[in-house]
Amino acid sequence: MLEELIKDIKNYADVNNVPIMSDSGMRYVMNYISKHSVRNILEIGTAIGYSAIMMCSVHPEVVVTTIERDEKRYLEAIKNIKKAKMEDRIHLIYNDALEVSFDEKFDLIFIDAAKAQNQKLFERFERNLESEGTIITDNMNFHGLVEKDPEEIKSRDLRQLVRKVKDYHTFLANHYAYETEFLDVGDGIAVSHKIV
């Protein structure tokens, strides 16, 4: 049943141009959750609920709080989470993540939202991370554009976005409180483990 739903969600994403995590990236995150006994997750960027459902499918005790600011995607996510019978484990918030704040602590924070906001989101929510927790960020390679010479990127907006992704890369690499591993999985992911 879940397999069928996942297939439908992937098809919907494909047809409607909704970016969802690559299979290899998703596999990595699921393995991470399993290996490190992660139970409480904050996801920034629900889209249509695909990754939240996949993360919950790892273990019956996994709970995900997830934030989405796009109304159409949020409504689609509600439908998918209902179909997956995970309404009691996936808490959906319709808002801009930069407007949301929690007192709660999470084992894992998963950032998969507007690339230009990665650093702001990291800084906003890191206080919600458990002392030995981890922040995982998707799309660190930004479809291979991060490796390109900026001069080759014609669009000015796109160049600025790529620069922000590069700046975020530098921010993580030099952060005194985190040890970050950059992995060439899917569209590139950063795994930042809290050490201080």
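Nothing in this text is a laboratory measurement; each read-out follows from the coordinates by a stated rule. None of the values given here were measured: they were computed from a predicted structure. FYI the Cβ positions are ideal-geometry reconstructions off the backbone, even for glycines, and counts take in every protein chain you see.
Computed from backbone phi, the HN-Hα couplings of region 182-188 come to 9, 10, 8, 10, x, 9, x Hz, rounded to whole numbers (Karplus: 6.51 cos²θ - 1.76 cosθ + 1.60, θ = phi - 60°; Gly and Pro given as x). The order of MET30, MET55, going from fewest to most other C-beta atoms within 10 Å of their C-beta, is MET30, MET55. Please state, rounded to one decimal and in Å, the Kirkwood hydrodynamic radius that region 2-194 gives when every pair of distinct Cα atoms enters the mean of 1/r. For region 2-194, inverting the mean 1/r across all distinct Cα pairs yields 17.0 Å. Counting only DSSP beta bridges whose two residues both lie in the chain, roughly 35 percent are antiparallel. The Cβ shell under 11 Å around ASP70 holds other residues with a net charge of -1, Lys and Arg each +1, Asp and Glu each -1.
Between the listed residues ALA52, HIS175, ILE78, the Cα displaced farthest toward the positive end of the dipole of the chain, a dipole computed from Cβ unit charges relative to the Cα centre, is found at ILE78. Counting only lysines at least 8 places from LYS35 when in the same chain, those with an alpha carbon closer than 21 Å to its own are LYS105, LYS194. Going from the fewest other Cβ atoms within 10 Å to the most, the residues MET1, MET86 appear in the order MET1, MET86. Can you give me the Cα centroid spacing of region 158-196 and region 31-95 in angstrom? A separation of 23 Å, based on Cα centres. Adding -39500 (n - 2.57) for every DSSP H run of four residues or longer, then dividing by how many residues the chain holds, sets the calculated 222 nm ellipticity at -11500 deg cm²/dmol.
Fewest neighbouring Cβ atoms within 10 Å first, the residues SER155, SER51, SER57 line up as SER155, SER57, SER51. Under 26 Å between alpha carbons, and skipping anything fewer than 8 positions from LYS83 in its own chain: which lysines qualify? The reachable lysines, counting only those whose Cα sits under 26 Å from LYS83, are LYS7, LYS10, LYS72.
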